[in-house]
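The structure appears right after this line, and notes come after that.
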């Protein structure tokens with residue numbers, strides 16, 4: 001589906017820009033106006049690819065840690081392909097001038113639930129695309145090597161004392177915080193699904209085990225045996241039911257959560273991945289605890305040295 005999205009977006013932008021490039025019969029004013037509009041649309045299209053495709057594939061919008069817009073555009077295949085598809089050169093605007101701008105990434109805390117242990121630190125990237133516009137002269141003040149999201153989001157056109165723009169530069173700014181949040185919400189949903197399926201299957205077997213204990217007790221009583229009522233606390237029995245391990249493919253398939261686990265532990269485009277662990281309930285009312293962490297050898301960009309990635313979802317028996 002992601003490939004379909006990229007293809008459709010590519011076709012959309014190419015069709016729009018093609019209408020400009022081939023409109024030589026139009027007046028200079030109309031052509032300039034259309035180029036301004038389509039440059040803004042081009043920036044918007046690149047932003048959508050970065051937020052929806054790049055962020056999902058790498059769990060960051062800046063996987064190569066580029067610090068300048070020219071390097072970012074040429075160094076990221078998904079973005080470079082869009083730019084090259086519109087013009088004969090990568091990283092130029094509708095007038096053939098180099099694209100300018102700024103990029104900064106900072107780690108921010110996000111959460112997908114009210115669980116205190118569910119807050120995680122993720123890289124949020126802000127990007128500003130800037131074109132020098134029809135006159136080819138850049139008047140916008142662009143910070144050098146910004147380190148904060150606000151420094152990028154606050155890039156605006158210069159204005160006169162009345163607040164009217166004094167430049168024909170074209171600016172488009174955005175960040176991917178909401179996209180990172182949606183990814184975390186997706187992760188949370190998969191973990192809840194895994195936990196619910198595991199706990200339900202376990203509860204079914206516990207119910208059957210207890211039913212068999214009662215059945216045996218009733219048979220013993222009917223046979224005149226002096227026996228104690230069965231203890232419903234199963235911890236004292238030699239072979240009580242145990243939750244199915246999520247480590248084997250057979251168990252994952254049996255629970256119907258194989259695809260959910262595959263999503264959580266998928267290998268990113270950068271070769272990095274996360275690892276899921278499950279801790280069985282310690283009592284009848286205790287929750288199943290699912291913990292998602294970074295691989296120790298190939299950690300994802302989520303988490304930092306001060307706040308390592310660790311996402312916990314608890315599924316309680318009375319909630320399913």
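Which strands (runs of 3 or more DSSP E) does region 253-320 wholly contain that include 3 or more residues that are touching a residue at least 60 places away in the same chain (Cβ under 8 Å) and surrounded by 19 or more Cβ atoms within 10 Å (Cβ to Cβ)?
In region 253-320, the matching strands (runs of 3 or more DSSP E) lie at 288-294, 310-315.
Mind checking whether some residue in region 129-148 is in contact with a helix residue (DSSP H, G or I) (Cβ under 6 Å, 6 or more places away or on another chain), touching a residue at least 12 places away in the same chain (Cβ under 8 Å) and not in a loop (DSSP other than H, G, I, E, B)? Give the steps one after another, and end with the answer.
Filtering region 129-148 for residues in contact with a helix residue (DSSP H, G or I) (Cβ under 6 Å, 6 or more places away or on another chain) gives 129, 131, 134, 143, 146.
Remaining after also requiring touching a residue at least 12 places away in the same chain (Cβ under 8 Å): 129, 131, 134, 143, 146.
Subsequent filtering for residues that are not in a loop (DSSP other than H, G, I, E, B) retains 129, 131.
The answer is yes, given that some residue of region 129-148 is in contact with a helix residue (DSSP H, G or I) (Cβ under 6 Å, 6 or more places away or on another chain), touching a residue at least 12 places away in the same chain (Cβ under 8 Å) and not in a loop (DSSP other than H, G, I, E, B).
Evaluate region 141-159: report whether one residue or more is surrounded by 20 or more Cβ atoms within 10 Å (Cβ to Cβ), under 23 Å from the mean Cα position of the chain (by Cα) and over 30 Å from residue 256 (Cβ atoms).
Checked region 141-159: at least one residue is surrounded by 20 or more Cβ atoms within 10 Å (Cβ to Cβ), under 23 Å from the mean Cα position of the chain (by Cα) and over 30 Å from residue 256 (Cβ atoms).
Criterion first (part of a loop (DSSP other than H, G, I, E, B) and over 30 Å from residue 311 (Cβ atoms)) does residue 226 satisfy it?
Numbers: part of a loop (DSSP other than H, G, I, E, B): yes; over 30 Å from residue 311 (Cβ atoms): yes.
So residue 226 passes the test.
Throughout, read-outs are computed from the coordinates displayed, never taken from laboratory work. All figures in this text were calculated on a predicted structure; none of them were measured in a lab. In this analysis, Cβ positions are derived from the backbone assuming ideal geometry, glycine residues included, and neighbour counts consider all displayed protein chains.
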